[in-house]
Amino acid sequence: MAFLVLLAASVYIFWPSQPEVKIVRMHVKRMQMHTVPIIALDISLLVTLKVRNSDVYSMDFTSLDMAVGYRGKMLGHVKSEHDHLRAWGSSYLQAELELNGVEVLSDVVYMLEDLARGTVPFDTITEVAGWLGLSLFKFPLKVKISCEIVVNRTNQIIIHQNCYPLK
Ligand SMILES: *[C@@H]1O[C@H](CO)[C@@H](O)[C@H](O)[C@H]1NC(C)=O
């Protein structure tokens, strides 16, 4: 009986769980509208992600990719460098998204409205790939989460965030 309890406890402790990925900040560094030759937008975003490792294993990212969209339209990707997370550690990753001349034709009216209102909604899909492991064992790690976030343009604080994992 004691053995079973111990076994169950160690399976619980050593069973790898996925890291928690959260968008902490999305700072709109620059946003500029062009009307000539076509209506286009230059936007530069600074995104801070917090990745929390709740495992006893350390974590190595081989890639972190975040796609940012606006009203269902993809604006671009943010990629992050390799990183190493200690067991039970948290890491902040910062990535910059620089987009020039994004054609927003149909969405330009919404974008102007959102800017005037002071809040801009973005959709993001974040994919984290890497390895979880002790020195001997390695588990492949793959997390994909989708978030809808609403950013306050004045103070760049995320007012609302709704995230769910994707398969
Ligand atoms: C956005 O931030 C500004 C400045 O802190 C604040 O006055 C305003 O109420 C905020 N807007 C929303 C919708 O939270």
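The values are calculated or read from the model by the stated rules, or taken from the named source; none is laboratory data. In this text, all values refer to a predicted model and were calculated from it rather than measured experimentally. As a convention, Cβ positions derive from the backbone with ideal geometry for all residues, glycine included, and neighbour counts pool all protein chains shown. Ligands, DNA and RNA are excluded from the accessible area calculation, which covers all protein heavy atoms including side chains. Shrake-Rupley method; radii C 1.70, N 1.55, O 1.52, S 1.80 Å.
For region 18-166, which whole percent of the accessible surface, found with a 1.4 angstrom probe, sits on carbon and sulfur atoms?
So the carbon and sulfur contribution to the accessible surface is 55 percent.
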In Å, the Kirkwood hydrodynamic radius from C-alpha pairs for region 18-166 sits at 16.3 Å
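Leaving ligands, DNA and RNA out of it, rank H27, H77 by accessible area with a 1.4 Å probe, largest first. Intermediate values should be presented prior to the final figure.
On the way: H27 45, H77 95 Å².
Reading off the accessible areas and sorting them downward yields H77, H27.
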Given a 1.4 Å probe, the accessible area of the chain per residue, as a whole number of Å², is 59 Å²
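What number, rounded to the nearest 500 deg cm²/dmol, is the helix-based mean residue ellipticity at 222 nm of the chain, given -39500 (n - 2.57) per DSSP H run of at least four residues and division by all its residues? List each step's numbers first, then the result.
Numbers: 2 runs with 23 residues, N = 167.
My calculation for the chain gives -4000 deg cm²/dmol from helical runs alone.
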Rounded to the nearest 10, the angle in degrees between the Cα long axis of helix 2-14 and the longest principal axis of the Cα atoms of the chain comes to 30 degrees
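Could you order peptides 116-127, 155-166 by the average number of other Cβ atoms within 10 Å of their residues, highest first? Walk me through the numbers before you get to the answer.
Details: 116-127: 16.2, 155-166: 11.9.
In descending order of packing, they fall as 116-127, 155-166.
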Contour minus Cα-Cα span, F3 to K142, at 0.36 nm per residue, comes to 46.8 nm
FRET efficiency (K29, D60; Cβ distance; R0 25 Å; to 0.05) is 0.25
Filtered hits (lysines, Cα-Cα < 22 Å from K22, offset >= 8 within chain) -> K50, K73, K79, K142, K144, K167
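Beta carbons within 10 angstrom, averaged per residue: use that to sort the peptides 88-95, 35-42, highest first.
Working: 88-95: 14.8, 35-42: 12.2.
My ranking of the peptides, most packed first, is 88-95, 35-42.
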